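As structure tokens, the structure follows; a few thoughts come after it.
The values are calculated or read from the model by the stated rules, or taken from the named source; none is laboratory data. No experiment lies behind these values; they were computed from the predicted model shown. All Cβ positions, glycine included, derive from the backbone under ideal geometry; neighbour counts span all protein chains shown. SASA here: full protein model, heavy atoms, side chains in, ligands and nucleic acids out. Shrake-Rupley method; radii C 1.70, N 1.55, O 1.52, S 1.80 Å.
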Amino acid sequence: MNPSVRPTTSKQTASKGAAKPARPASYEVRKSPVHGNGVFALRDIPAGERIIEYRGERITWDEATRRAAERGGPVNHTFYFSLADGNVIDGGRRGNDARWINHACEPNCEAYEEDGRVYIHALRDIDAGEELNYNYALIYDERHTPALKRLFACRCGTPACTGTMLAPKKRVRKQGPRKSAGAPT
């Protein structure tokens, strides 16, 4: 485990400001069999529980692209999380442990954006010791070539693994001549 990465506990305070006992840490970061570091449950986590906020520096997409190019790597090897307003959270700068949550095609967590903030919630009950993951569903406008899919290869190993972290492209249906509904023939 990277010594600079520590498990986090959430402290809750009562409405009158009196401190409640801290909940036990719900996760820790350690080496993952899927990829690099991963986040693992330290206790059973019930479905629906908010586990962690994805934090980092908020930047524009243009800045995110510039930073990736500056590092000499493709955008897929970053800790970027796209927001609905078109901006990005760069978890690599001022980020927290959420950046280590890996992708899975059959995830146990889901990311929700609420008021411009991103939270990771449990999709189902998660057992202590289980690795936390969510489906990145990365959107790329370019054609999904075999080379691009290799850049975004998935290693989750779930039975329904698609082999890529890319979201499926929406198919555009070609329309033939339109028929009028209810017109006499």
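Subtract the Cα-Cα distance of His35 and Thr162 from 0.36 nm times their separation in residues, and report this length gain in nm to one decimal.
On the way: separation 127, 0.36 × 127 = 45.72 nm, distance 1.62 nm.
So the chain would gain 44.1 nm between His35 and Thr162.
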Cross-link reach from Lys169 to aspartates and glutamates, straight Cα distance under 13 Å and at least 8 residues apart if same chain, gives Asp141, Glu142
With all protein chains modelled, accessible area of Phe81 [1.4 Å, Å²]
40
So how far apart, in nm, are the two label points at Ala69 and Leu83 if each is 7 Å from Cα heading toward Cβ?
2.3
Whole-Hz ³J(HN,Hα) from phi, Karplus 6.51 cos²θ - 1.76 cosθ + 1.60, for region 129-146, glycine and proline x
x, 6, 6, 7, 7, 9, 7, 5, 6, 5, 9, 10, 6, 5, 4, 7, 6, x
Out of residues 5 or more away from Tyr54 or on other chains, whose amide H comes under 5 Å of its own, with H placed 1.01 Å from N in the peptide plane?
Val118, Tyr119, Ile120
Exactly which GluC sites (Glu not before Pro) in region 30-103 are in a DSSP loop and have at most 15 other Cβ atoms within 10 Å?
Glu49
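Mind checking the per residue accessible area of region 52-132 for me, 1.4 Å probe, whole number of Å²? Could the numbers behind the result be given before it?
Numbers: 4060 Å² over 81 residues.
Here the residues of region 52-132 average 50 Å² of exposed surface.
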